[in-house]
Amino acid sequence: MRISIDAMGGDFAPLEIVAGTLQAAKSLPGLDKLFLVGDETAIQAELDKCKGPVPACIEIVHASEVVGMGESPAVAIRRKKDSSIVRSIALVKDGKADAIFSAGNTGAAVAAATLKLRTLEGVTRPAIATVMPTPKAPFVLLDAGANPDSTPEMLQQYAVMGSIYSREILGVKNPSVGLLSIGEEAAKGNETTKKTFGLLEQTELNFVGNVESGDLYGGKVDVAVCDGFVGNVVLKTSEAVARMIAGWLKTMFRANPLRILGALLSSGVFKEMKSHADPASHGGAPLLGANGVVIIGHGSSNALATFNAIRVASEAVDHDLNHLIESELKRITTET
């Protein structure tokens, strides 16, 4: 297993990215090579902090440029050909790596992967699949931001890819798939969702129909399908609400000594809730449909997120996820 890691991507790079890579090298089995791509001097400085010898599977690949989080993806990919994200994806394209992880500029990662790796057969455009926590079990939301505008055919492809990911990586035997809309009835929604509803009914997916946003966190579906505009709004709104509730609870529990005592007694519960909701526990979001395993991390990815992203990348390669996606899409296209 060979994984390329954009060591300069993210708010805490390269420190946290290198730390997570070291953790993965020491504890995850089957890793033959972990390429840390980026500024060689900066990466080596972080490796030098490592207690004991650096694992033999880690190799630095120098890249002289970095794509900033606020840069235009198209412009950055065109002008910064020696950036860490472009060089990381090039390793996959050239067959030197089996997967790539980046917590850098999401748009640049999607653009570079789409342009350099292309898409799998049967896939119009790749989609970002984000694992969202709920009190019962996580669900997969896609597209979470790669394609603001999506056709019904693309949404059908997302449903297939999300179902396979839920089954193979999250271990759900027969994932239920819901189409995010403004009402449960088939007639609700815009023209795109109405046509998508009809396409999904023709597949052998466990399609349960339309779902509303309020259904997402109640465990009604294992996979929620929508275009990238809606998906990104759902993702960012969910993150904002989680932060608001956390801050609200802190303020209320500090109101008086009795509440402070109650908070101390409930600290175990709060820690458990935080661990379930922490995006770092899932590592990163796969860019499903790209002709290569691509894992995109949150900009604030820490060492734990990096470790889990490498784990998820290796699992996707082990399960031959892309071959399964191509086979399923080809079968559905033939049948419909």
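Laboratory data are not the source of any read-out in this text; all were calculated from the coordinates shown. None of these values were measured; they are calculated from a predicted model. Every residue, glycine as well, gets a Cβ built from its backbone with ideal geometry; the counts of neighbours run over all protein chains shown.
Some notes on this structure:
- The residue among 305, 207, 294 whose Cα reaches farthest toward the positive pole of the charge dipole of the stretch 191-306, with charges on the beta-carbon of Lys, Arg, Asp and Glu, is 305.
- Net charge in the neighbourhood of residue 297 (other residues with Cβ under 11 Å of its Cβ; Lys, Arg +1, Asp, Glu -1) is -3.
- Taking the Cα centre of the chain as reference, the dipole from Cβ charges on Lys and Arg (+1) and Asp and Glu (-1) amounts to some 760 debye.
- With at most 16 other Cβ atoms within 10 Å, longest stretch of the chain clear of loop GluC sites (Glu not before Pro) (DSSP): 213-336
- Applying 1/(1 + (r/R0)^6) with r as the Cβ-Cβ distance of residue 64 and residue 195 and R0 = 51 angstrom yields a FRET efficiency of 0.60.
- Note on the stretch 124-282: Cα convex hull, mean projected area over all directions, 10.1 nm².
- Stretching the chain fully between residue 243 and residue 149 yields a gain of 31.0 nm (0.36 nm per residue, less the alpha carbon separation).
- Computed from backbone phi with θ = phi - 60° and the Karplus coefficients 6.51, -1.76 and 1.60, the 3J(HN,Hα) list for the stretch 61-67 is 10, 6, 9, 8, 10, 10, 8 Hz; x is used for glycine and proline.
- A Cβ-based charge dipole, computed about the Cα centre of the stretch 124-282 with Lys and Arg at +1 and Asp and Glu at -1, lands at about 860 debye.
- Charge dipole of the stretch 129-260 about the Cα centre (unit charges at C-beta), most positive-ward option of 246, 197, 170: 246
- For the stretch 1-126: rounded, prolate or oblate by the Cα gyration tensor [a/c cutoff 1.5]: oblate
- About the centre of its Cα atoms, the stretch 54-178 shows a dipole size close to 60 debye [charges on the beta carbon of Lys, Arg (+1) and Asp, Glu (-1) only; nearest 20 debye].
- Among beta bridges that DSSP assigns inside the chain, antiparallel share in %, nearest 5: 20 percent
- Residues in the stretch 118-132 carry Karplus couplings, in order, of 6, 10, 5, 4, x, 9, 6, 8, x, 10, 7, 9, 9, 7, 10 Hz; the curve used is 6.51 cos²θ - 1.76 cosθ + 1.60 with θ = phi - 60°, and Gly or Pro positions show x.
- Residue pairs, from the table 49/271; 49/81; 195/236; 33/93; 136/271; 80/116, whose Cα atoms sit over 20 Å apart: 49/271; 49/81; 195/236
- Between residue 250 and residue 26, residue separation times 0.36 nm minus the direct Cα-Cα distance comes to 77.0 nm.
- Stokes-Einstein D (µm²/s) once Rh is taken as the Kirkwood radius of the stretch 1-46 over alpha-carbon pairs, at 25 °C in 0.890 mPa s: 229 µm²/s
- Beta bridge orientation in the stretch 148-251: antiparallel %, DSSP, nearest 5: 0 percent
- Here's the list of lysines a cross-link from residue 188 could span, going by alpha-carbon distance under 23 Å and ignoring same-chain residues fewer than 8 apart: 220.
- Taking each residue as 0.36 nm, the span from residue 323 to residue 300 lengthens on full extension beyond its C-alpha to C-alpha distance by 5.2 nm.
- Projecting the Cα atoms of 284, 145, 263 onto the charge dipole of the chain (Cβ charges, centred on the Cα centre) puts 263 farthest toward the positive pole.
- Gyration tensor (Cα) of the stretch 111-193, equivalent ellipsoid semi-axes in angstrom: 21, 19, 11
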